1. Mind checking which pairs have a first residue in the stretch 136-151 that is in the same structural domain as Val78 (by TED's automatic domain parsing) and at pLDDT 95 or above and a second that is surrounded by fewer than 18 Cβ atoms within 10 Å (Cβ to Cβ) and assigned to a loop (DSSP other than H, G, I, E, B), Cβ under 7 Å, 6 or more apart or different chains?
2. Can you tell me which residue within the stretch 199-249, out of those that are touching a Lys or Arg at 6+ places or on another chain (Cβ under 6 Å) and in a loop (DSSP other than H, G, I, E, B), is nearest to Pro152 (Cα to Cα)?
3. Mind counting the residues in the stretch 50-84 that are surrounded by fewer than 18 Cβ atoms within 10 Å (Cβ to Cβ) and either touching a residue at least 60 places away in the same chain (Cβ under 8 Å) or part of a loop (DSSP other than H, G, I, E, B) (or both)?
4. Give just the number: which of (1) of a type in the set (Val, Ile, Thr); (2) under 30 Å from Thr29 (Cβ atoms); (3) at pLDDT below 95 does Val193 not satisfy?
5. State whether one or more residues within the stretch 41-55 are of a type in the set (Phe, Trp, Tyr), closer than 26 Å to Asp153 by Cβ and modelled with pLDDT of 95 or more.
6. Which of the numbered conditions does Leu130 fail, given that it passes all the others? Conditions: (1) under 15 Å from the mean Cα position of the chain (by Cα); (2) surrounded by 19 or more Cβ atoms within 10 Å (Cβ to Cβ).
7. Residue check: is Glu3 acidic (Asp, Glu) and surrounded by 13 or more Cβ atoms within 10 Å (Cβ to Cβ)?
8. From Val135, Val97, Val109, Val145, which residue is surrounded by fewer than 17 Cβ atoms within 10 Å (Cβ to Cβ) and of a type in the set (Val, Ile, Thr)?
Amino acid sequence: MNETIERILAHRTVRDFEDRTLSAEQIETIVRSAQAASTSSFVQAYSIIGVTDPDKKRELAKISRNQAFVAENGHLFVFCADLHRHDVIGKMEGKDVAASLESTEKFMVGIIDAALAAQNAALAAEAMGLGICYVGGLRNDLEKVRDLLKIPDKVLPLFGLAVGYPTCINDQKPRLPFEHVYHENEYQQDDEVYKSQLEQYNNVITDYYVERTGGERSDTWTSQMAEMLSHPQRMYMRDFVEEQGLNKQ
């Protein structure tokens, strides 16, 4: 197995970082790596905002339910789906691009492009000996994020990426079984097989929590997911996305 694949398979989320900022060279390398990711039809529908202002980072940490690592890291990147530049392009070239920019298709392109770029950034950071943690908690209040980072129309902040020098690295959480995730030629239709795979995975996750917490925690993955999904979150999102001029048709 080559070094790149070993690094991918060894990924762990890091939430504790040294009090040590990334260098300008490291930041540029991470961003250039993000830019090297695939992009739909060369649209490049994303932007990355680096947050270095301590006050802004603290505000973003509050929005993310007071997760300390959002403020205390080597560098915080915020990934955005961005069609604002394409609005500018339409004006530059004298073309009516409004319908395209407001379409669900281009909305999806922006999200996919940003996610692909972010994963390249994460891999680059880990290749440099750094740790990373994605920050979905920014979506708890995107109006505040928008105002704090002065984000224009046609731009949607999606998530943060906290990067830094790890102070500790946790055990790796077991992922779903290969057979449960990979479907060949058609989607698996037998729900009894599906449930059996989930029950086997529940046993793996329970053992993981028991060992990690010394027996203080023993829940299953399906119980976690059912509990989380029974309490809808961030239900303002559709209105906010449309307010930003995206996904309107």
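The values are calculated or read from the model by the stated rules, or taken from the named source; none is laboratory data. All values derive from a computational prediction rather than experimental measurement. Cβ coordinates were reconstructed from backbone atoms using ideal geometry, including for glycine residues, and neighbour counts include every protein chain displayed.
1. So the pair list comes out as Gly137/Arg65; Arg139/Arg234; Asn140/Arg65; Asn140/Arg234.
2. Among those that are touching a Lys or Arg at 6+ places or on another chain (Cβ under 6 Å) and in a loop (DSSP other than H, G, I, E, B), it is Gly245.
3. Within the stretch 50-84, residues that are surrounded by fewer than 18 Cβ atoms within 10 Å (Cβ to Cβ) and either touching a residue at least 60 places away in the same chain (Cβ under 8 Å) or part of a loop (DSSP other than H, G, I, E, B) (or both) number 5.
4. Of the numbered conditions (1) of a type in the set (Val, Ile, Thr); (2) under 30 Å from Thr29 (Cβ atoms); (3) at pLDDT below 95, the odd one out for Val193 is (2).
5. Yes, the stretch 41-55 contains a residue that is of a type in the set (Phe, Trp, Tyr), closer than 26 Å to Asp153 by Cβ and modelled with pLDDT of 95 or more.
6. Status for Leu130: all satisfied but (1).
7. no
8. The conditions single out Val97.
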